[in-house]
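Single-structure report; data block below.
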Amino acid sequence: MKTMKLHWSPRSPYVRKVMMTAHELGVADRIEIVRSAAAMTQPNATLMVDNPLSKIPTLVMEDGTSLFDSIVICEYLNDLAGGSLFPREGAARWRNCPS
């Protein structure tokens, strides 16, 4: 059952990072993929409902709250899955944070 929605474009390296994280954590099957064109010169009205900046990737969580910025989305998915892709706390948190 799909419980989250990801605004997605195949050309975005940031979307690919989010999808790779989702697959690694075993939560990709919970994400509905919504192809969304995002262009600075012509904002996407549908995408702007979930992200007023009209940028991808944008993840709409189970409760309807939206997250945008690939690293934030990846960390959310890691926490959701109880993963170990990101250190939880302390000095390791900011020294080893992936870029």
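The values are calculated or read from the model by the stated rules, or taken from the named source; none is laboratory data. On a predicted model such as this, the values are computed, not experimentally measured, just so you know. Heads up, the Cβs are rebuilt from the backbone with ideal geometry, glycines too, and the neighbour counts pull from every protein chain shown. Calculation scope for accessible area: heavy atoms of the full protein, side chains included, ligands and nucleic acids excluded. Shrake-Rupley method; radii C 1.70, N 1.55, O 1.52, S 1.80 Å.
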(message) With within 21 Å of residue 85 (Cβ to Cβ) and in contact with a Cys (Cβ under 6 Å, 6 or more places away or on another chain) as the only criterion, which of 58, 21 stands out?
(response) 21
(message) Quick check on this structure: which one of 40, 20 is modelled with pLDDT under 95, on the phi < 0 side of the Ramachandran plot and among the hydrophobic types (A, V, I, L, M, F, W, C)?
(response) 40
(request) Working only within segment 14-41, note down all residues that are without any contact (Cβ under 8 Å) to a residue 40 or more places away in the chain, outside any helix (DSSP H, G or I) and either open to solvent by 30 Å² or more (accessible area, probe 1.4 Å) or in contact with a Phe, Trp or Tyr (Cβ under 8 Å, 6 or more places away or on another chain) (or both). (result) 32, 33, 34, 35, 36, 37, 38, 39, 40, 41
(request) Quick one: count up the residues across segment 42-60 that are open to solvent by 30 Å² or more (accessible area, probe 1.4 Å) and part of a helix (DSSP H, G or I). (result) 4
(request) Determine which member of the set 78, 44 is within 15 Å of the chain's Cα centre (by Cα) and without any contact (Cβ under 8 Å) to a residue 60 or more places away in the chain. (result) 78
(request) Could you figure out which of (1) under 13 Å from the mean Cα position of the chain (by Cα); (2) within 12 Å of residue 55 (Cβ to Cβ); (3) among the hydrophobic types (A, V, I, L, M, F, W, C) isn't true of residue 37? (result) (1)
(request) Go through (1) open to solvent by 80 Å² or more (accessible area, probe 1.4 Å); (2) within 16 Å of residue 3 (Cβ to Cβ); (3) outside any loop (DSSP other than H, G, I, E, B) one by one and return the number of the condition residue 63 breaks. (result) (3)
(message) Looking at segment 66-87, can you tell me whether even one residue there is in contact with an Asp or Glu (Cβ under 7 Å, 6 or more places away or on another chain) and not in a loop (DSSP other than H, G, I, E, B)?
(response) yes
(request) Residue by residue through segment 2-13, note down the ones that are out of contact with any helix residue (DSSP H, G or I) (no Cβ under 7 Å at 6 or more places or on another chain) and free of Cβ contacts under 8 Å to residues at least 40 places away in the same chain. (result) 10, 11, 13
